[in-house]
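Right, one structure below, let's go through it.
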Amino acid sequence: MRLEKQSIINDLRARMQNSQFVILTNYKGLDVAGMSELRKRLRVVEAEFHVVQNSLVRLVAKDLGQAGLEPGLTGPSAMISGSGDMARVAKVLRDFIKEKEKPAVKIGALQGAILSAQDVGAIADLPSREQLYGMLVGTLAAPMQRLVGTLNQKLASVVYVLKAYQEQKEKAGQA
């Protein structure tokens, strides 16, 4: 194998191994300016967009045990990969596709699990990791807030009883 091709395979292997997710798209009809714009948007969410050769992706995917990507390796292919939040990446991709009507999602993989184009779309509808953390913290904090409120009410009622008792003693002392 030529040294140049081996270098491309090594780069592709490293990219797929170090990524949390991979999304294969059909970039046909997307011009250079559109690709540059998509790359720029994806960079913000810690992802990359690269045009790839199907035969090389097939070879690397087979070596990495991701043979499930095979159905997406037809026609012109580009790969989106990254280590950031896949929900944010899927949202950026969905919004870009709404604007430009290109590229088309073929298939994806998330930590080894194969995703259909519909699955990638469903992930785009999920809240971001930060929003999920916020929801979790709110859920965990709610019982504690109720406990604090209940304890405050009990403390306040003790204070009212003591205040009433004090007022009663003061009235008895004046009489």
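The values are calculated or read from the model by the stated rules, or taken from the named source; none is laboratory data. Quantities reported herein were computed from a predicted structural model and do not represent experimental measurements. No Cβ is skipped: glycine too gets one built from the backbone with ideal geometry, and neighbour counts run over all protein chains shown.
Numerical summary
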read-out	value
From Lys62, Lys100, residue being surrounded by fewer than 21 Cβ atoms within 10 Å (Cβ to Cβ), in contact (Cβ under 8 Å) with a residue 12 or more places away in the chain and basic (Lys, Arg)	Lys100
Residues of segment 96-120 satisfying the condition of being within 14 Å of the chain's Cα centre (by Cα), more than 16 Å from Leu73 (Cα to Cα) and part of a strand (DSSP E or B)	Leu110
Answer from Leu42, Leu93 - the residue that is touching a Phe, Trp or Tyr at 6+ places or on another chain (Cβ under 8 Å), part of a helix (DSSP H, G or I) and within 29 Å of Ser128 (Cβ to Cβ)	Leu42
Cβ-Cβ under 8 Å pairs, at least 6 apart or on other chains, segment 3-32 side in the same structural domain as Ala113 (by TED's automatic domain parsing), far side part of a strand (DSSP E or B) and exposed (fewer than 13 other Cβ atoms within 10 Å of the Cβ)	Tyr27/Val51
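Residues checked against (1) without any contact (Cβ under 8 Å) to a residue 24 or more places away in the chain; (2) among the charged types (D, E, K, R):
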residue: Glu70; (1), (2): yes, yes
residue: Gly82; (1), (2): no, no
residue: Val89; (1), (2): no, no
residue: Gly108; (1), (2): no, no
residue: Gln118; (1), (2): yes, no
